[in-house]
1. Want the number for Glu32 to Ala75: 0.36 nm per residue separation, take away the alpha-carbon distance, what's left?
2. Select from Leu77, Ser37, Met1 the residue farthest towards the positive end of the dipole of the chain; place +1 on Cβ of Lys and Arg, -1 on Cβ of Asp and Glu, and compute about the Cα centre.
3. Could you tell me the relative contact order of the chain? Use alpha-carbon pairs under 8 Å, at least six residues apart, and round to a whole percent.
4. Taking 0.36 nm per residue of sequence separation and subtracting the Cα-Cα distance, how much length would be gained by fully extending the chain between Glu21 and Ser59, in nm to one decimal?
5. Order 55-61, 67-73 from most to least packed using the mean count of other Cβ atoms within 10 Å.
Amino acid sequence: MKVDSNDLVKLMKECGIEFDENRVGNDAILQESGLDSLDMANLFLAIEETYSISVPDESAPSLVSVNAICEFLNANL
């Protein structure tokens, strides 16, 4: 299974995370697109539940863009 940016944006919408979809590109920093720290925590929780994967605390600070999260997921699924 390969996770892409569309999958991640869909998951963000399903979580009820409000963001500027026009600013969420592959390399865009998610917090600059309207996500706050609580949104990021909810996103990581949804990722863990959806993909049955653990996002280690030490990895979370580097997972700031759609690309970074997709790369992490694809490397660990």
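No value in this document is a laboratory result; all are computed from the given coordinates. For clarity, every value in this text was computed on a predicted model and none was experimentally measured. When we count neighbours, we look across all protein chains shown, and the Cβ atoms used for this are built from the backbone with ideal geometry, even at glycine.
1. Numbers: separation 43, 0.36 × 43 = 15.48 nm, distance 2.50 nm.
Contour length minus Cα-Cα distance gives 13.0 nm.
2. Met1
3. Numbers: 62 pairs, mean separation 32.9, N = 77.
Worked out over the chain, it gives 43 percent.
4. On the way: separation 38, 0.36 × 38 = 13.68 nm, distance 2.44 nm.
My answer for the length gained is 11.2 nm.
5. Working: 55-61: 11.0, 67-73: 18.4.
Final packing ranking: 67-73, 55-61.
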